[in-house]
Amino acid sequence: MLSVAQRWLIVGDWRAHPARIFMAIVAIAIGVALGFAVHLVNGSALSTFGSAIRSINGAADLQVKARTSLGFDEALYGDVTRVKGVVDASPVVEFKAISADGHSFTLLGLDVLRAVHVTPTLIGAARGTMGGEAASVFSENSMLVSQSILQKTRKKVGDDFSVRANGLAALFKIAGTLPGLDERQDIAVIDIAAAQSVFSRFGKIDRIDLALDESGGGAGARAALQNLLPSSAFLNNGDDDIVRGDAISRAYRVNLNMLALVALLTGTFLVYSTLSLSVTRRLQHFALLSTLGMRKSNISRMVALEGLIAGVMGSLLGLLAGYGLAAVALRLLGGDLGGGYFGDSAPTLIFSPGAALIFFCLGVVAALAGSIMPALEGARVQPAVALKSAGDVGDPRRQKTLWLPLVLATFGLSAALLPPVYNISVFGYVAIALLLSAGIALIPRLAQLLLQPLAKTHVNHVPTALAIQHLHGAPGSASNALYGIVASTALMVAMAIMVTSFRTAVDDWLGDVLTGDLYMRADPGSGGFNAADQMNLARLPGVASITFSKQIPITIAADKPPVTLIARSFSKTQRSTNLIAGPVAEVVGTLPIWYSEPAARILDKSVGDVVQLSIGGDHRFTIVGIWRDYARQQGAMLIDAGDYTRLTGDVMREEATVMLAQNVKADAMAAKLIESASPALRPFIQTTEPDTLRHFALTLFDRSFAITYVLEAIAILVGLAGVAATTSAQAISRAKEFGMLRHIGLNSGQIVKMLGIEGAILGALGGMAGVALGAVISQILIHVVNPQSFNWTMGTRFPVLFLISVVAALIVSASLTAILAGRRAVSIDAVRAVRADW
């Protein structure tokens, strides 16, 4: 009989209030869908990125790679081949190349005879054999290209193909394709001798692909190679590039996953509010079942079962929706969800059963977590009290304890002081979760403190007085309504403050660094401006001054992504601009170098440190300053262009900052600058004015945070839906109260006004509490999560108008929801509403 009664209570309640439980299921589904979608997109993007890296690297067991694009001495190749355990070695030169119609691709120069045995996929041959197409690479003007290049350039086998690399142009004939590579990758292969001759790369190579002895000599070979290598080269495992690429976007991906789970956390509070109201409304039923012999543990299990069912249904729905969302996101935003980490890649969506199981379990756990307190509340029912009075029977005079929020806040602030784990602010996110929990735990006491003064205030307006007295007399119901508001509002406000602070910092920084009247840039692969171009452009009438610069990646540590080395000339005044540490004088016998803030944090360096870098050989540098840089997350180093040229002999430059003479218009001067460059370079030059560049940079910033804005909006909508469901359920459960008020003289309009005022008060309390809690959490995001995950620091900027708008929107929405719900509740006849008391 009791089992039948349990089923009746669950099914009957769900039938009576389908919208309420539906909202709880949808909240869980949204959280699961967002988290699962973000994971699928990230996993698919990383898989595509890994495929691209493997295509370029081939199937080598180990690689010797240059630390910079300047390469290393090819004499190292002979030394490497003599190392015991190295079965075969294949030298490689690598260029960023560009076709005549502007398509960029990777150009590899290979020794085909060696590549057949080490990296046969790079020439489209089976290991140890040489097909006809591979053999044709021996011709100096022949080239093998990937299928993607043929499609983008609209070429076919046998056509001539004009290519520019390292500042030089050459004409090749497409001799065949590369069927062994990922057909989405833009890769071309020519003979290494032709590459060094045509593109002036004599005596330098970029990597050596190695095949190791599989019988056990490989380990000894690694140790011997490590001792043999000069500072300009390092050992690279087949998966090291993928690991470094993963590290670049890891913080961004983790941040998105955390934001996606915000909706799931909000769903937990919605499940709690929903089941708590359900328990409150059914206290008399539970009391009756207790008198008939049902154990309290059975009551708690029944409520938990409701949460479990909601979690299972929500999780299944969320997985289906998440897969669809991932497909749409890949099409609209790309594999990096707007972050810009994987370029314009269009990865294929890959389903992950393991991730699906994890997010399914997360959804179920979230729903169960939301049902724990209501389940315990139902088990604690006192039959004698509940049979006489249903609803919130708490004593408003009883002070709520503070020990739990204080403990949670203490642990949260302590976690914020801990260091990152694998460059991820794990404890920063833990601190946010603990502080959010502390704020939620503080709500009952906060509601009590804020409502007590209102309850003591004499108000002549009857609906207002009744609204205040009801909220003060039913603190439990008020708290239940506030949980969802505060949780979603706090997290949304925290992200809004962080994004506003970040965007303002970037905008201010752009104002400091964009000091030119015009900017020029040569496309990657074009080689850039040679010495003659630089001289002609500097002498052009109307040009007050022009500063050329070059950026190349340099691998400082084999287990970290490359840092950008910038070679640029600048005055003493410019050297001190935008510095956050320094300047100091360089140590005698060293050259000056400036580190960006991310580089200093990643490499653990400070002003005054002496470092040894391989830039055209081993040289010692003094870090004379650290500057703020929001453009390069993995760090940058700046050296004087004159020092760079003396060390490397490289005179090519890719970018230029132009200061114009007075009364010279930038748009007219841009065309003259392009015309003054060498004819072969002109098609690949782009000019931009500072306002355009600034707008473009801020647009990229907004694009990278577009998914953040979407996740924020969804989280607050889930929270508002919870407010609507909670307010509606409370209004319906108070039908008896409304009937009594009708009996003593209130009309339906006054009751609806009372509910509207109650909603407005709850919206105001929840909005203000959410903004305050969000402001605290935002400091963890700004001063802990951002520096630990992204290596950037910034000040705090509060979007005051936005915060006021949030509170106002919550007041209006909560009030309107309560009014709409009240109209339905007061429509019940007053006599029927109180018939249970006859």
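The values are calculated or read from the model by the stated rules, or taken from the named source; none is laboratory data. If you're wondering where the values come from, they're calculated on a predicted model, not measured in any experiment. Because the Cβ atoms are built from the backbone with ideal geometry, glycine has one as well, and the counts that use them run over all protein chains shown. What goes into the accessible areas is simple: the full protein's heavy atoms, side chains included, and nothing from ligands, DNA or RNA. Shrake-Rupley method; radii C 1.70, N 1.55, O 1.52, S 1.80 Å.
See the values below:
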| item | result |
| --- | --- |
| Packing-based order for 92-99, 154-161, using average beta carbon neighbours within 10 Å, highest first | 92-99, 154-161 |
| Test item: Cα-centred dipole of the range 598-674, Lys/Arg +1 and Asp/Glu -1 on Cβ, debye | 180 |
| Size of the range 583-658 as Cα extents on the principal axes (Å, biggest first) | 31, 30, 21 |
| For peptides 750-763, 458-471, sequence by mean Cβ density within 10 Å, most packed first | 750-763, 458-471 |
| Burial order of peptide ranges 359-366, 30-37, 587-594 (average beta-carbon count within 10 Å, highest first) | 30-37, 359-366, 587-594 |
| Computed Rg/Rh of the range 423-542, alpha carbon atoms with Kirkwood Rh | 1.41 |
| Cα-based equivalent ellipsoid, the range 601-698: semi-axes from gyration tensor eigenvalues, Å | 33, 20, 12 |
| Per-selection metrics, the range 518-587 (Cα): Rg and Dmax in Å | 15.9, 48 |
| Of Lys550/Lys665; Lys84/Lys560; Lys96/Lys156; Lys173/Lys204; Lys96/Lys152; Lys65/Lys96, pairs whose Cα-Cα distance is over 19 Å | Lys550/Lys665; Lys84/Lys560; Lys96/Lys156; Lys173/Lys204 |
| With DNA, RNA and ligands ignored, accessible area of Leu308 (1.4 Å probe; Å², nearest 10) | 60 |
| Cut-off under 5 Å, modelled amide H: who pairs with Ala233 long-range | Arg67 |
